[in-house]
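Reviewing the structure listed below.
All of the numbers you see were taken from the coordinates with simple rules; none came from a lab. No experiment lies behind these values; they were computed from the predicted model shown. Reconstructed Cβ throughout: ideal geometry from the backbone, glycine too, with neighbour counts over all protein chains shown.
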Amino acid sequence: MSVNFAKCTSVLITGASRGLGLQMVKHLVGISDRPQKIIATARSPDTAQELQQIAKSHPEVYIVPLDVVNDASIEAAVQKVSSIVGPAGLNCLINNAGIGVPSDLNSETRDRMMTTFQSNTASPLFVTRAFLPLLRAAAAACDGGVMSVNRAAVINVSSLLGSVQLNWGETSVHRAYAYRVSKAGLNMLTRCLALDLQSERILCTVVHPGWVQTDMGGKQAPLTPEESISSLLSVVCALSEKDTGQFLDYEGKNLPW
Ligand code: NDP
């Protein structure tokens, strides 16, 4: 499946300084059917050297500061993005930023549980709510009512580790308490958003990118960022009504909750 965002005017990616978020930007600028505006957000854009280099040679890439756990930063980003997209609004919001620190029953701390929940679960809600007026503007500017990333969509990047059903039996792993709980929460959050935004036909889908070689995934992961993201974006650009409120992996397979 190819990646075709030709009919999608704008995409915003959180956590684009490195890892999968950066790879999304790299992939999008490399295809001919790319969105007209690729808004790459990072909490410290000045230190995101590779992203800065990409933006220098690609005028369609706009770097916007955004720390997803900071409400003032979210508000400032909405203002900035509003001036970039104008009345056409924002078509696709990808909540990718996240944190993950290994832990087990003995080593988990209250602090880490709360910090991880803030980044991985609460932030996608408050970022999405803040950008809703721009998503609604994009939906209104679209002639057709068909749900897709070309109209208005929220894509939440979760993890297989957030699946309650899969964490049982022989393959279960009793690790990463905070991370797993935060991603299970993100899965539920996506369901709630999908229900709330269904009447406005704003698509909300939660995705698992695979286990990928990034700072978070580690070197032993089976997938390269290129493999994960080329496949994930081909799935994302083909999402439709049937996929809203669903939990899909990077190959488009439905995952158990
Ligand atoms: P990385 O640790 O490599 O990158 C995380 C990104 O999130 C960085 O850009 C980081 O920015 C950003 N980030 C973290 N906190 C904030 C914040 N408060 N505000 C803005 N940006 C923030 O992780 P990956 O790229 O591997 O992961 C991306 C997403 O994919 C995450 O949601 C993760 O849970 C998910 N995922 C990853 C898997 C994997 O195997 N890699 C597997 C399943 C899911 P900064 O550079 O400033 O720290």
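Values computed for the structure shown
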{"quantity": "Additional length obtainable on full extension of the chain from S57 to S199, 0.36 nm per residue less Cα span", "calculated": "47.1 nm"}
{"quantity": "Dipole in debye (nearest 20) - the chain, about Cα centre, beta carbon charges: Lys, Arg +1; Asp, Glu -1", "calculated": "180 debye"}
{"quantity": "Fraction of beta bridges assigned by DSSP in the chain that are antiparallel (%, nearest 5)", "calculated": "5 percent"}
{"quantity": "Translational diffusion of the chain, µm² s⁻¹ [Kirkwood Rh, Cα pairs; Stokes-Einstein; 20 °C; 1.002 mPa s]", "calculated": "118 µm²/s"}
{"quantity": "Mean ellipticity per residue at 222 nm, deg cm²/dmol - from DSSP H runs of n ≥ 4 across the chain, formula -39500 (n - 2.57)", "calculated": "-12000 deg cm²/dmol"}
{"quantity": "Ratio of Rg to Rh over region 1-73 (Cα coordinates, Kirkwood Rh, two decimals)", "calculated": "0.97"}
{"quantity": "For region 210-257 versus region 66-109, the gap between their alpha-carbon centres in whole angstrom", "calculated": "19 Å"}
{"quantity": "Full-stretch length increase - Q118, N167 - with 0.36 nm per residue and alpha-carbon distance subtracted", "calculated": "15.4 nm"}
{"quantity": "DSSP H segments from the chain that extend 20 Å or more along their own axis, Cα-based, with Kyte-Doolittle mean of 1.0 or above", "calculated": "123-141"}
{"quantity": "For the chain, with +1 on Lys and Arg beta carbons and -1 on Asp and Glu, the positive-most of V85, L20, T128 along the dipole", "calculated": "V85"}
{"quantity": "Rounded Å value of the spacing that divides the Cα centres of region 144-201 and region 39-60", "calculated": "27 Å"}
{"quantity": "Total lysine pairs whose alpha carbons fall under 17 Å of each other in region 10-248 (8 or more apart, or interchain)", "calculated": "4"}
{"quantity": "Highest to lowest packing among 56-65, 31-40, scored as the average C-beta count within 10 Å", "calculated": "31-40, 56-65"}
{"quantity": "Descending principal axes extents, region 88-232, alpha-carbon based, whole Å", "calculated": "53, 33, 27"}
